[in-house]
Each structure stands twice: as structure tokens, then as C-alpha cells.
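Single-structure report; data block below.
Bear in mind these aren't lab numbers, they're just calculated from the coordinates by the rules spelled out. A quick note: this is a predicted structure, and the numbers were derived from the prediction, not measured. We place every Cβ from the backbone using ideal geometry, glycine too, and count neighbours over all the protein chains shown.
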């Protein structure tokens with residue numbers, strides 16, 4: 001999966017996990033947990049959606065790499081063939 | 001209309017989930033009610049058969065108003081239950097909800113019980129005179145005075161609601177055409193309804209109702225809504241809503257009713273963004289989105305007789321007011337005392353990380369779940385903090401129903417109950433928490449969840465503060481707060497170490513307990529979190 005595709009799936013997962021969140025206004029390097037005021041439950045459901053859609057295993061240790069859209073896309077692009 | 005929380009004094013009946021002839025059991029959801037704070041499924045109080053529905057969808061009625069008549073089983077009808085009778089309003093302060101539906105008593109009993117009540121409770125001749133003059137039926141009135149006594153203000157409010165201002169000609173025409181004036185927005189001076197508005201309402205009714213029949217005026221309660229129904233009172237039926245296919249799919253996924261979503265696309269078509277917006281609004285399926293409705297959409301999809309569509313602003317104003325009233329009451333009545341302690345979460349988080357590594361994603365835990373479980377078990381161990389202050393004394397809760405303060409995205413706060421949280425295993429509690437938070441934000445809670453928390457927990461953990469000293473939800477007697485988990489230098493085994501810690505606080509009602517009890521509670525929380533495997 002290339003970066004652009006990964007970015008799309010990250011954005012879509014975020015949109016699905018947090019209905020109504022304004023994903024399009026997020027900058028790639030903005031911390032979306034803060035920007036969208038996600039609580040830990042929201043974040044967990046985002047991780048669930050993302051893992052389900054990409055088939056990629058995401059551990060708790062990866063959470064630190066899931067703070068911005070760019071980091072998320074990088075993580076997914078690196079793991080999904 | 002049950003009291004669905006200490007801060008509620010009226011609700012809008014949005015939708016019936018049952019109809020006449022349906023068999024219902026105690027605990028079944030029978031109706032959807034909208035309060036200032038959320039949309040709630042009302043559970044049935046009795047087992048029996050629905051005889052008739054009294055309140056029409058879209059109607060605002062005060063707490064204590066009968067919503068429907070349920071014919072009980074023969075054994076039950078023999079004994080009219082006066083305490084759950086229609087006009088027996090349970091003051092919100094009692095902490096327990098009033099009967100969600102009138103008692104199992106058949107209609108005859110339902111009208112008898114309140115009459116006896118009037119003689120008892122309405123002592124003021126002024127109130128009686130006002131009621132007579134205003135054509136207000138005291139038997140259906142909810143008293144807001146001390147102990148549910150009907151006050152002058154109640155009667156005046158009811159009289160105002162019962163008689164919308166209208167010109168005499170408008171009244172005559174409305175009677176001829178079968179238009180319910182309480183549902184018509186007056187556009188004359190000071191909101192007086194004129195002939196033109198009645199004609200428009202009648203035309204709209206004829207257009208919407210199949211066969212051109214006009215809808216009969218609201219049956220039943222002599223209390224038409226003061227603030228008129230925001231929902232269409234005529235179901236659009238087969239009227240097709242214009243929406244994009246993707247919007248339809250997303251709406252179905254999110255449980256959003258397309259007919260309530262204002263479309264911003266071409267020809268007012270509903271787009272995905274509109275659906276998401278509607279879903280994100282706490283009242284996604286209800287009021288919020290109806291405000292920006294264009295006139296054309298309103299004409300086709302909603303009954304144009306709908307009055308005063310509350311917009312998002314009104315909604316948040318109502319929510320703010322509900323919170324303001326309850327919190328003011330809390331600070332006025334409850335002598336709070338506050339305690340705080342720092343809890344080392346090293347053991348709990350190490351255990352949780354290990355658990356999460358072994359578990360598939362849907363079974364993963366968050367630190368908040370451990371904190372809630374510890375708070376619940378500690379409440380069982382220190383029962384003096386788990387219950388209500390009612391009528392000058394402490395009444396212990398039956399079971400630990402942990403209120404969980406949930407922030408809504410549109411602003412505001414609801415604290416529904418996780419029932420018997422102390423008995424749930426952590427994965428169960430986690431699942432229940434996810435479900436509860438999702439439904440709170442989507443606006444579909446059950447009546448029992450909003451009505452009966454026995455102690456509440458607030459956790460501002462993700463918002464970066466270290467401690468929260470909360471305001472108790474009356475009539476509860478304690479509120480537990482957890483701050484953010486932070487790493488701090490700690491003395492561990494005589495050495496300096498870095499540990500994840502959380503500040504646990506307790507706000508407690510000094511009438512019910514003293515500081516020693518509160519201290520025992522926080523010590524219990526700490527103790528429990530050191531043995532996470534036993535939680």
C-alpha cells in the first residue's frame with residue numbers, strides 16, 4: 001500500500017470511528033487526538049477500525065506512532081504489502 | 001412521564017415503540033422520550049397489555065403525566081396502585097424514577113386515584129380558582145412545589161399551554177378543520193395565531209395525510225405542549241427523502257433517520273456530510289438538525305404545523321440550563337467535603353499492557369476501565385457512599401450503579417449508569433462502557449440508565465488535568481474523580497523511581513458521611529488498583 005492509499009484509509013477509519021469529526025481540516029502533522037478531542041475510547045475504536053480495514057496488527061506499543069495522520073499513514077504503508 | 005434523572009421536569013414523547021394491544025413486560029422499552037439532555041428509551045413499569053396510548057408523539061409533558069394505559073393482569077388490576085398513579089408525581093429529589101407508564105390499573109382507576117389526590121394536595125383556593133378559570137384539569141397536573149404540591153405557577157403554565165393565543169376567528173376555523181392550535185405557530189402580534197396560519201396548517205395536513213383526512217386533535221391529556229413539538233406530528237409516510245446513496249448507507253449504519261436530516265446538496269438532497277453532522281449532534285435523530293431545514297424540506301418532510309423548531313442553540317441552552325439547575329441545587333443543598341490521594345498505577349498498567357498484548361483488539365482494555373472497576377468495588381466495600389440522601393436521611397443504593405460522566409461532542413455532559421458495575425468482569429465492564437458511551441453520544445439511552453446511578457465517577461483523564469474535584473449529582477452522596485495518568489518521580493522501596501500515577505479524588509456529602517469514611521473509600525480504591533488481576 002502506498003502512502004497516499006494509507007493516508008486515505010487512516011482518514012476513513014478516523015471518520016468512521018468518530019462520526020462527525022472534521023477530518024479534512026486536519027493537517028498531516030497535526031496531533032489529531034488533541035485536535036478532534038478524542039478520548040481513549042474514541043482512539044481505541046479508531047485503532048479497531050484501522051486494524052480491521054487494513055488487516056494489520058496494531059499493538060499498544062504502536063499507539064505512540066498513531067498521533068498524526070502522517071505517522072499513521074507511514075505505519076500502515078510500512079506494514080501492509 | 002417518568003423522571004429520567006434528577007434534573008428533568010418535563011420531556012417530549014418522541015416515538016412509541018409499542019401500540020394498543022401489544023403485550024409488554026416490565027423493563028421493555030416502550031417509548032422514546034427526549035429530555036433537555038438526551039434521548040431516552042423509557043422502560044415499562046408494569047407487565048400487561050397496552051390498552052391505549054394517551055400522549056401523542058411530539059408532545060411535551062411534565063414528569064408525572066400518564067403516557068399510556070396498560071391493562072394489567074387480573075390480579076394486578078384488582079389493586080389500583082395509587083403510588084404509581086398518573087398524577088402522583090415523584091419529586092425528582094426522590095432519586096427513583098416515577099412510574100414510566102401509568103400503573104397496571106385500568107383506565108377507570110387511573111382517573112380515580114388523582115381525584116383523591118387533589119382534595120389532599122391542592123389546598124390553596126387561589127390555585128383552585130385559577131385552575132377553574134384557566135380550564136386546567138388539576139388531576140393531570142404535575143406539582144412542582146414541595147412534595148409535589150401544585151402551585152400557582154404550575155396552573156398558570158398549564159393554562160398558558162392549554163390555551164394558545166388565537167384570534168376568535170382562528171379558533172372557529174381550527175375547530176371546523178380539526179387543526180390542533182397547540183401545534184400551530186402564531187405569526188400575529190405576540191405570537192397570536194391568525195386565520196392564515198390555521199388555513200396553512202390545515203392545507204398541509206390534508207396534503208400529508210393520505211386520503212386528505214385531517215388529523216384529529218391530540219387526544220388525551222388536557223395539557224398540550226407549551227413549547228410545541230419539534231418533531232413532525234404527521235409521519236411523512238412514503239414521502240421519499242432525497243439523499244445520495246452513500247448518505248443512505250451511512251445513515252443506516254449510524255442509525256440516523258434521514259427524514260430528520262436537513263440536506264445541503266442539490267435540491268436539498270441529503271449528503272454524507274449532513275448525515276455525519278446529524279449523527280454527531282447529540283440529538284442526532286431528533287431536534288438538532290431540524291433547525292436549518294429549508295421551508296421546502298419542511299413542507300414535504302415535516303408537518304408544517306410544527307412549532308418553534310429548536311435549533312442547535314436552543315438545544316445546548318436547554319442542556320446548559322439542566323446542568324445549571326442541578327449543579328446549583330447540589331451546591332446549595334449539599335455540604336461537600338473533598339479528599340484526594342495519589343495512586344501508583346504501575347501494577348495496574350503493567351498488568352493491563354500484558355492483558356492487551358494477549359487479547360484481540362475488541363477485548364483490549366483502557367486504564368479508565370480499571371479505574372471504574374476499582375471505584376465500583378470500593379463503593380461496595382464502603383456502602384455509606386453508595387446511595388441517596390432523601391428526606392433527611394441516607395438511603396443505600398441497591399447494587400452499585402456507577403454513573404459515568406460522558407462529555408458530549410456538542411458540549412454538555414450526561415452521567416448514565418453502568419448497572420452493577422462492581423460485579424462485571426473487566427472485559428464485560430469494558431464492553432458495557434463502550435456501548436454506554438456510544439449510545440450516550442448517539443442519543444439512545446435507556447430510562448433506567450439515566451435515572452438510577454448510585455455514585456458517579458468523572459474522569460477528565462484525557463484532557464490533561466491531574467485532578468478533578470467534582471460536584472455531586474443530587475440525590476447521590478459522592479462523586480469520584482480521576483485525573484490524567486502521569487509519570488512522576490516516586491519513592492519506591494527506598495529509592496527514587498518513575499511511576500505512572502493518577503490522582504483520585506472524592507467529593508462527598510457531609511450530611512451522609514464524615515471524612516473518615518471518605519478516606520476509607522479512597523484507600524480501598526488504591527488497594528484494589530494494586531491487585532489488578534483480582535479486579
Stretched fully, the stretch from residue B:465 through residue B:172 gains (0.36 nm per residue minus C-alpha distance, one decimal, in nm) 99.3 nm
Over all residues in B:376-387, what is the mean tally of Cβ atoms on other chains that come within 10 Å of each residue's Cβ? 0
Burial-style ranking of A:50-60, A:31-41, B:432-442, B:477-487, average other-beta-carbon count within 10 Å with highest first, yields B:477-487, B:432-442, A:31-41, A:50-60
FRET efficiency for residue B:354 and residue B:23, Cβ-Cβ distance as r, R0 = 51 Å, nearest 0.05? 0.55
When a/c is below 1.5 the answer is rounded, else prolate if a/b is larger than b/c, else oblate, so apply that to the stretch B:383-535 with a ≥ b ≥ c taken from the square roots of the Cα gyration tensor eigenvalues. oblate
Label-point gap, in nm, between residue A:63 and residue B:242 - each point 7 angstrom along Cα→Cβ: 4.6 nm
Across peptide A:31-39, how many C-beta atoms of other chains are within 10 Å of each residue C-beta, on average? 2
Which order do peptides B:399-411, B:505-517 fall in by mean Cβ count within 10 Å, highest first? B:399-411, B:505-517
Simple spin-label estimate for residue B:428/residue B:490, 7 Å along Cα→Cβ, in nm, reads 2.9 nm
For residue B:523 and residue B:199 in the same chain, what is the full-extension length gain: residue separation times 0.36 nm, less their Cα-Cα distance, in nm? 109.8 nm
Provide a whole-number value for the mean count of partner chain Cβ atoms within 10 Å of the Cβ atoms in peptide B:487-495. 0
So how far apart, in nm, are the two label points at residue A:2 and residue B:257 if each is 7 Å from Cα heading toward Cβ? 4.6 nm
